[in-house]
1. Just to be sure before I move on: is T66 buried (at least 16 other Cβ atoms within 10 Å of the Cβ) and β-branched (V, I, T) in the structure I sent?
2. Quick check: is even one residue across segment 162-179 among the basic types (K, R), away from the ligand (no atom under 16 Å from the Cβ), open to solvent by 40 Å² or more (accessible area, probe 1.4 Å) and over 17 Å from E63 (Cα atoms)?
3. When you go through V158, V201, V219 one by one, which is the residue that is within 16 Å of the ligand (Cβ to nearest atom), buried (at least 16 other Cβ atoms within 10 Å of the Cβ) and among the β-branched types (V, I, T)?
4. Quickly run through segment 1-34 and pick out the residues that are open to solvent by 30 Å² or more (accessible area, probe 1.4 Å), within 23 Å of the chain's Cα centre (by Cα) and modelled with pLDDT of 90 or more.
5. In segment 118-136, is there at least one residue being buried (at least 20 other Cβ atoms within 10 Å of the Cβ), modelled with pLDDT of 95 or more, out of contact with any His (no Cβ under 7 Å at 6 or more places or on another chain) and of a type in the set (S, T, Y)?
6. Of all residues in segment 13-34, which are among the basic types (K, R) and away from the ligand (no atom under 12 Å from the Cβ)?
7. Can you tell which of Y236, Y182, Y204, Y211 is among the aromatic types (F, W, Y) and within 16 Å of E56 (Cβ to Cβ)?
8. Six or more apart or on different chains, Cβ under 7 Å: which pairs go from a residue in segment 81-104 that's in contact (Cβ under 8 Å) with a residue 40 or more places away in the chain to one that's charged (D, E, K, R) and within 13 Å of the ligand (Cβ to nearest atom)? Could you list them?
Amino acid sequence: MGPETPPPDLGIPPERMPRHVAIIMDGNGRWARRRGLRRVLGHRTGSRTVRAVTRECARLGIERLTLYAFSSENWKRPKAEIDYLMKLLREYLVKERREIMENNIRFRAIGRLSELPPEVREDLDRTVEMSRDNTGLILTLALAYGGRAEIADAARRVAEKVREGVLLPEDVDEETIREHLYDPEMPDPDLLIRSAGEMRVSNYLLWQIAYSEFWVTEVFWPDFGVEHLHEALRDYARRERRFGGLKEEE
Ligand code: FPP
């Protein structure tokens with residue numbers, strides 16, 4: 001299903017749909033603890049939500065979905081939890097290949113991917129490669145990702161080009177920075193969703209969310225369902241985006 005198909009049964013005019021949805025998937029640990037379960041079971045259940053939300057975004061003809069799957073700060077967690085998350089990620093990457101291909105999804109990853117264990121990188125590369133010619137939803141996982149690190153990495157590459165004489169300092173502008181982000185083709189998210197109630201950005205897509213609309217739900221990520229995605233989309237469709245300007249009639 002492509003963007004030309006009108007979103008079914010949501011009642012949102014196509015021009016009011018976000019093109020790019022980004023999500024901070026929070027609350028897996030709390031979800032598990034509330035049930036007396038181990039935190040990692042929250043992550044496992046959260047990976048099911050990833051599947052459901054991805055499928056629904058593809059069905060609705062949304063162009064981009066970018067998920068915060070592992071932040072650079074997550075390296076500070078206990079080794080056992082990190083190992084479990086990496087194992088879950090590999091499982092996901094292998095098991096979801098069929099789903100990705102059947103739904104015409106292009107799979108990508110952003111972040112300091114070289115910090116990931118080699119076997120995770122291999123699975124990542126394979127899934128990216130296999131799905132590169134698909135034409136539907138672009139699903140990006142942010143892994144070993146930090147927004148400040150992304151901007152610093154971009155600044156470093158720009159500085160290298162200046163040193164090489166390929167670029168003049170006076171020519172460095174916002175566009176230059178954007179072109180050196182992890183995925184230069186990524187448009188800014190229109191809608192940023194966060195589960196589990198915290199009102200913060202947690203170092204996610206700092207450059208790209210300058211004018212994104214923020215939508216937060218109290219619901220923990222494992223309990224986040226298609227109905228919550230719909231609620232966020234309906235709310236987004238009602239908002240007036242001004243990008244620092246004025247509405248036309250003002
Ligand atoms: C936050 O929950 C979530 C994460 C640290 C990682 C997100 C991972 C998943 C949704 C599962 C794996 C993903 C894929 C793509 C297979 P938290 O542990 O910070 O929750 P808490 O704040 O309640 O402790």
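The values are calculated or read from the model by the stated rules, or taken from the named source; none is laboratory data. Computed from a predicted model, the values in this text were never measured in an experiment. Note: ideal-geometry Cβ built from the backbone for every residue, glycine included; neighbour counts use all protein chains shown. These area figures cover heavy atoms from the full protein model, side chains too; ligands, DNA and RNA do not enter into them. Shrake-Rupley method; radii C 1.70, N 1.55, O 1.52, S 1.80 Å.
1. So T66 passes the test.
2. yes
3. Selected residue: V219, the only one of V158, V201, V219 that is within 16 Å of the ligand (Cβ to nearest atom), buried (at least 16 other Cβ atoms within 10 Å of the Cβ) and among the β-branched types (V, I, T).
4. P14, E15, R16, R19, M25, D26, R30
5. yes
6. R16, R19
7. Going through Y236, Y182, Y204, Y211 in turn, the sole match is Y236.
8. E81/R39; L88/R44; E96/R51; E99/R51
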